[in-house]
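Working notes for the structure below.
The values are calculated or read from the model by the stated rules, or taken from the named source; none is laboratory data. These numbers were taken from a predicted model, which means no experiment stands behind them. A quick note on method: Cβ atoms are made from the backbone with ideal geometry, for glycine too, and the neighbour counts reach across all protein chains shown. The accessibility values were calculated without ligands, DNA or RNA, using every heavy atom of the protein model including side chains. Shrake-Rupley method; radii C 1.70, N 1.55, O 1.52, S 1.80 Å.
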Amino acid sequence: MSGRFAVILAAGQGTRMKSKLYKVLHPVCGKPMVEHVVDQVFKLEFDKTAVIVGHGAEEVKKTLTEKIEFVMQPEQLGTGHAVKCAEHLLASQKGTTVVLCGDTPLITAATIKKLMDTHEANGAKATVLTAHAPDPTGYGRVIRGNQGQVEKIVEHKDASVDELAIAEVNTGTYCFDNEALFEALAEVKNENAQGEYYLPDVIGILRQKGETISAYQTDSLSETMGVNDRVALSQAEAAMRNRINEEWMRQGVTIIDPQTTYISADASIGQDTVLYPNTSIKGPSVIGEDCVIESGTEIASATLGRGVHVCSSVISNSVVADGSSIGPFAHIRPGSDVGENVRVGNFVELKKASIGTGSKVSHLTYVGDAEVGSDVNVGCGVVTVNYDGKNKHKTIIKDGAFVGSGSNLIAPVEIGERAFVAAGSTITDDVPSQALSIARSRQVNKDNYVKKDV
Ligand code: UD1
Ligand code: CA
């Protein structure tokens, strides 16, 4: 039986990144490069997917959990050596093997599919994905014969002046007959400028044996961009950002200024939502339909319902339900759950706080470790005093309660249903439902005090 296999090369150290972080784990639009590649591979059906890991392997394994076989490349002796490390897993199999690089985050399943289709249609032993690069510096060059057939690939560092003038590059993605691949790999030598075992040498070896080699040239150069340094990383980021933004615009999201709108690869946004300039949607955030996200907003791993309005605010790891309005300048910290039609106004901070339907926390307030019911009015400058220096305590405010401005609620404390707290109170004891609590010292007016002084 003939199978389909994928090998993703991710063991290189990435010296040119000059980073403590393993190269393929550098994020592009919030997701590690290698995960982008794996996600595209998983859109297609492969019998086995192997990721070659080495230095930093543990981090890569943590990032990728899906049905992947990890293969250790103990020493980074080159891309050919890397594939050879999967010998025990694949060499005995019949079928087609696609090899991809973990540092080409923009590659798409559609292009991988076209490469495989070309490979099969030509009955080739190897098919290389190539692209025409206006600046081919650093890439391997595709050397073609008189009839246009691919003869071999020459690395930039090994290329002659004539070869360097060639603009058709090896994108680092290939399709091989699996058995032919491993047979040829046994013949790859490391006698070259970098002293490495080059995978692209397999192309020349198979060609020498008279095998059919084909090429599929894609017109999407950005898709095949290999990220070797931080300059390329920023270019990949920009290209991915454009792709993500375009996709959401096609799905019915208005993005006023795509150049300054940052949407993570894992986020989703509903139809007719409007994103203003300078907004960031990070992590696996979910934004419903008909929302308005105004400038200066950052939404990180948060879920927003339908018709939510956010102005210049930060919302992290929290939920905001339909019709609520946040900001300007609100900070909704992790673990918060804002109900429907809630108003969270300016300079309000929520932390691990749930706010029930229709409640208002309009100005200058801190609500932390709190459960606030529905139709509650929290006045201006209210503080839930949740921390005693050692432990955090909970504040409960029941439905319909009114907390006057400038009040401190010293937790643990509970404000009963429809209870009133007078402005300026420092509440240390529970307030029964329907009660009015005034907890402040009486005002003393000293008549003619100023006149006496004179
Ligand atoms: C490689 C190709 C080059 C092509 C370019 C496209 C070779 C020799 N050259 O060059 O023809 O134009 O990609 O981007 O293949 N890796 C390992 N183990 C190793 C070495 C590398 O797993 O021992 C992995 C790296 O993590 C990386 C990928 O292989 O994901 C490519 O390696 P890299 O060193 O970036 O190759 P390039 O010089 O870019
Ligand atoms: Ca590379």
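Summary of computed values
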read-out	value
Qualifying residues in segment 407-429 (those that are of a type in the set (A, V, I, L, M) and outside any loop (DSSP other than H, G, I, E, B)) - the one nearest to G381 (Cα to Cα)	L409
Scope segment 163-183; condition touching a residue at least 40 places away in the same chain (Cβ under 8 Å) and farther than 24 Å from V41 by Cα; matching residues	E168
Complete set of residues in segment 227-263 that are among the charged types (D, E, K, R) and either away from ligand 1 (no atom under 16 Å from the Cβ) or surrounded by 15 or more Cβ atoms within 10 Å (Cβ to Cβ) (or both)	D229, E237, R241, R243, E246, E247, R250, D257
Of the criteria (1) within 14 Å of ligand 1 (Cβ to nearest atom); (2) out of contact with any Leu (no Cβ under 8 Å at 6 or more places or on another chain); (3) of a type outside the set (A, V, I, L, M), which one T224 fails	(2)
Single match in D447, D399 (criterion: farther than 19 Å from P334 by Cα, outside any strand (DSSP E or B) and in contact with a Lys or Arg (Cβ under 8 Å, 6 or more places away or on another chain))	D399
Leading residue by the ranking (farthest from ligand 1 (Cβ to nearest atom)) among those in segment 116-145 that are open to solvent by 30 Å² or more (accessible area, probe 1.4 Å) and among the charged types (D, E, K, R)	E120
Residues of segment 104-129 satisfying the condition of being of a type outside the set (S, T, Y) and within 16 Å of ligand 2 (Cβ to nearest atom)	P105, L106, I107, V128, L129
Failed item, numbered, when K452 is tested on (1) exposed (fewer than 10 other Cβ atoms within 10 Å of the Cβ); (2) assigned to a loop (DSSP other than H, G, I, E, B)	(2)
Matching option when the condition is among the polar types (S, T, N, Q), in contact with a Gly (Cβ under 8 Å, 6 or more places away or on another chain) and open to solvent by less than 80 Å² (accessible area, probe 1.4 Å), among N377, N386	N386
Checklist (1) surrounded by fewer than 15 Cβ atoms within 10 Å (Cβ to Cβ); (2) of a type outside the set (K, R); (3) within 15 Å of ligand 2 (Cβ to nearest atom) applied to C101, failing item	(1)
Single match in D177, D201 (criterion: modelled with pLDDT of 95 or more, away from ligand 1 (no atom under 15 Å from the Cβ) and either buried (at least 23 other Cβ atoms within 10 Å of the Cβ) or not assigned by TED's automatic domain parsing to the domain that holds Q93 (or both))	D177
First in segment 91-105 and in the same structural domain as A124 (by TED's automatic domain parsing) and in a strand (DSSP E or B), second anywhere and more than 10 Å from ligand 1 (Cβ to nearest atom) and of a type in the set (S, T, N, Q), Cβ under 9 Å, 6 or more apart	G95/S2; G95/N178; T96/S2; T96/N178; T97/N178; L100/Q40
Single residue of V314, V308 found to be touching a Cys at 6+ places or on another chain (Cβ under 7 Å) and either outside the structural domain of G270 (by TED's automatic domain parsing) or over 27 Å from G424 (Cβ atoms) (or both)	V308
Qualifying residue in segment 151-171 (condition: open to solvent by 50 Å² or more (accessible area, probe 1.4 Å) and within 33 Å of the chain's Cα centre (by Cα))	yes
Qualifying positions in segment 321-346 - within 21 Å of the chain's Cα centre (by Cα) and outside any loop (DSSP other than H, G, I, E, B)	I332
Test result for K113, of a type in the set (K, R), modelled with pLDDT of 95 or more and within 13 Å of ligand 1 (Cβ to nearest atom)	no
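Residue by residue, here is whether (1) assigned to a strand (DSSP E or B); (2) farther than 25 Å from S301 by Cα; (3) open to solvent by 20 Å² or more (accessible area, probe 1.4 Å) holds:
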{"position": "V24", "(1), (2), (3)": "no, no, no"}
{"position": "A50", "(1), (2), (3)": "yes, yes, no"}
{"position": "E59", "(1), (2), (3)": "no, no, yes"}
{"position": "K62", "(1), (2), (3)": "no, no, yes"}
{"position": "H81", "(1), (2), (3)": "no, yes, yes"}
{"position": "H88", "(1), (2), (3)": "no, yes, yes"}
